[in-house]
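Notes follow the structure.
Only the coordinates and a few stated rules stand behind these numbers; no lab work does. All figures in this text were calculated on a predicted structure; none of them were measured in a lab. Here Cβ is always computed from backbone atoms with ideal geometry, including for glycine, and neighbour counts include all displayed protein chains.
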Amino acid sequence: MFSVSKLIIDGRKRLSGRIEIQGAKNSALPILASALLTCDTSVINNCPDLSDVEITLNILRYLGCTAQLDGNTVTINSKCADKYDIPDELMRAMRSSIIFLGALVARFGMARLSFPGGCELGPRPIDLHLKALRMMGIEISEQHGSLECSAPNGIHGAKISLSFPSVGATENIMLAAATAQGTTIISNAAREPEICDLADCLNSFGANISGAGEGTIIIDGVEALNGAMHTIIPDRIAAATYMAAAAATGGRVLIDRIVPTHLSGIIPIFEESGCTVKQRGNSILIDAPNRLRAVKLIRTMPYPGFPTDAQPPIMAMLSSAKGTGIFVENIFENRYKHTSGLERMGARIYLEGKVAVVEGVSELYGARVASPDLRGGAALVVAGLGACGVTEINDIHYIDRGYESIELELSKLGASIKRL
Ligand code: EPZ
């Protein structure tokens, strides 16, 4: 069933100009949840205006906080927060609200969340979250589809070794450990820039966290946190998406207000595809050839490897490259749902489990497609921009979860794209 709002793209317009990248969605969500850990006022700058952010603010308001987004600045006061449960409909609206678990138990000693269902990317288990939090003295029972959590003797530090460097689990542990009794050590922690951003934010609140961005994070629990101001890092995945849009149209675009080192796993892929990429301070200039070359092998890995979130848009741009390339999706088990839309546009993609073989075609053509998920929707936008003819993309609510006014940003670069 297609949703009412859609994007209409008239393709093959060469993108050029400058784009300022939004704040990182995957930083904003855990940082907004961290406001629960202080009874003071927190001010978060460079927060992207996205539906996932709106849902997170609604959860904070439901819990009793005041939360106001003005432009890209959020002001939150959690003094009056008095609820420790997140109702079903709010949990279902955004599965990453599991990130509230650690913060709620740290604040109230209790938490009740409905089990976050799977999502478009597969079952999305939370076993690593639960195992770690239980090691910190949090009792968690799973019954009738909800998680009942309590810390009768408070939360205490623990030595935790993650079997997989899960981003969400690392964040939940950090949020629970910041005001725990004693020290928590996380081995094999996620190294994503968003983890460092959360650590920097918590430390500005008065936490004592070291080692973020490396494999081992040490959190010395402190008595209490106080309010502070924090500016969210730029969104490296949004940056990669707009770079893919430029590359798909043979364009030349300045990607501004980013941290180039956050894209160290991605830039070599653009260079191998034939683009020139120049890094200057906090911007990247990408200059694409008329036709890209296929990239032999792209494997998604935890940071600092090639990020899974960039796989769909970059597969879209390479669908009309010269040659055949192979993708291996090692992070999520169901992250090729965008290939059906790409095939409707003429792409030739062969799927075998984690592997996708993309045989570049001379060009894609416009078609009527629907976003299967957030980054899959972004992939269809990239494909539509490079395709010959008109593409209609439905179910764009998925795209609005992670991209701030995508059609306005792309129009500024010369794309013919409008939202109906
Ligand atoms: C975060 O998801 C991001 N979401 C994802 O971005 C991103 O793709 C992912 O990290 C990897 O970088 C947010 O930050 C809100 P994981 P998260 O825990 O925390 C398995 C986007 O498009 N796993 O690192 O859920 C899991 O099933 C979104 O912006 C377990 O098995 O990622 C997956 O296969 C999509 N047990 C893998 O680990 C667990 O307890 C990576 O998950 C937790 C995870």
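For segment 396-410, take each phi angle, set θ = phi - 60°, evaluate the Karplus expression 6.51 cos²θ - 1.76 cosθ + 1.60, and give the result in whole Hz per residue in order, putting x for glycine and proline.
7, 4, 4, 5, 5, 5, x, 10, 6, 5, 4, 6, 5, 4, 6
Simple spin-label model, 7 Å along Cα-to-Cβ: Gln279 to Phe115 in nm?
With each label point 7 Å from Cα toward Cβ, the separation is 4.4 nm.
Using label points projected 7 Å from each Cα along Cα→Cβ, tell me how many nm separate Val222 and Glu54, to one decimal.
3.5 nm
So how far apart, in nm, are the two label points at Val357 and Asp70 if each is 7 Å from Cα heading toward Cβ?
Taking the two extended label points, one gets 5.8 nm.
Okay, helix-only estimate at 222 nm for the chain: each DSSP H run of n ≥ 4 adds -39500 (n - 2.57), divide by all residues, round to 500 deg cm²/dmol; what do you get? Present the calculation step by step, with values, prior to reporting the outcome.
Numbers: 14 runs with 127 residues, N = 420.
Rounded to the nearest 500, it is -8500 deg cm²/dmol.
Could you put Cys275, Cys39 in order, starting from the residue whose Cβ has the fewest other Cβ atoms within 10 Å?
On the way: Cys275 23, Cys39 16.
Neighbour counts put them in this order, fewest first: Cys39, Cys275.
Put +1 on the Cβ of every Lys and Arg and -1 on every Asp and Glu Cβ in segment 25-231; which of Val167, Leu130, Ala190 then has its Cα farthest towards the positive end of the dipole?
Final value for the positive-end residue is Leu130.
Only residues of segment 378-408 count here: report those whose backbone N is under 16 Å from the spot 7 Å along Cα→Cβ of Leu420, or say none.
Backbone N within reach: 389-397.
Please work out whether segment 25-231 counts as rounded, prolate or oblate from its C-alpha gyration tensor, where a ≥ b ≥ c are the square roots of the eigenvalues and a/c under 1.5 means rounded, while otherwise a/b larger than b/c means prolate and anything else oblate?
Numbers: a/c = 1.27, a/b = 1.08, b/c = 1.17.
Here segment 25-231 falls in the rounded category.
Please work out how much length the chain gains when fully extended from Val390 to Arg92, using 0.36 nm per residue of separation minus the C-alpha to C-alpha distance, in nm with one decimal. Mind dumping the intermediate values first?
Details: separation 298, 0.36 × 298 = 107.28 nm, distance 3.38 nm.
Between Val390 and Arg92, full extension yields 103.9 nm more.
To the nearest 20 debye, what is the magnitude of the charge dipole of segment 25-231 about its Cα centre, counting +1 on the Cβ of each Lys and Arg and -1 on the Cβ of each Asp and Glu? Walk me through the numbers before you get to the answer.
Working: 13 positive and 22 negative charges, 66 e Å.
It works out to roughly 320 debye.
Please work out how much length the chain gains when fully extended from Thr324 to Ser187, using 0.36 nm per residue of separation minus the C-alpha to C-alpha distance, in nm with one decimal. Walk me through the numbers before you get to the answer.
Working: separation 137, 0.36 × 137 = 49.32 nm, distance 3.84 nm.
Computed gain between Thr324 and Ser187 is 45.5 nm.
State which entries of Lys13/Lys418; Lys131/Lys159; Lys13/Lys337; Lys6/Lys337; Lys296/Lys337; Lys13/Lys322 exceed 23 angstrom in Cα-Cα distance in the structure shown. Don't skip to the answer; put the middle values down first.
Values: Lys13/Lys418 14 Å; Lys131/Lys159 12 Å; Lys13/Lys337 26 Å; Lys6/Lys337 18 Å; Lys296/Lys337 21 Å; Lys13/Lys322 20 Å.
Pairs exceeding 23 Å: Lys13/Lys337.
So how do Asp373, Asp88 line up by other beta-carbon neighbours within 10 Å, fewest first?
On the way: Asp373 22, Asp88 14.
Final ranking by Cβ density, sparse to dense: Asp88, Asp373.
Given a cut-off of under 8 Å on Cα pairs at least six residues apart, what relative contact order in percent is computed for the chain? Write down the numbers at each step before the final one.
On the way: 1064 pairs, mean separation 87.7, N = 420.
Relative contact order comes out at 21 percent.
Could you give the Stokes-Einstein D for the chain in µm² per second, using the C-alpha Kirkwood radius, 10 °C, 1.306 mPa s? Before the final figure, lay out each step's value.
Working: Rh = 21.8 Å.
Reported coefficient: 73 µm²/s.
Can you put Thr170, Thr276 in order of Cβ neighbours within 10 angstrom, beginning with the fewest? Walk me through the intermediate numbers first.
Working: Thr170 28, Thr276 12.
Ascending Cβ contact count within 10 Å gives the list Thr276, Thr170.
How far is the Cα center of segment 3-67 from the Cα center of segment 200-274, in Å?
15 Å
Run the numbers on segment 25-231 and let me know its relative contact order in percent, using alpha-carbon pairs under 8 Å that are six or more apart. Can you show the working numbers first?
Values: 453 pairs, mean separation 42.4, N = 207.
Once divided by the residue count of segment 25-231, the mean separation gives 20 percent.
By how many nm would the segment from Ser210 to Glu333 grow when fully extended, if each residue of separation counts as 0.36 nm and the alpha-carbon distance is taken off? List each step's numbers first, then the result.
On the way: separation 123, 0.36 × 123 = 44.28 nm, distance 3.21 nm.
Length difference between fully extended and current span is 41.1 nm.
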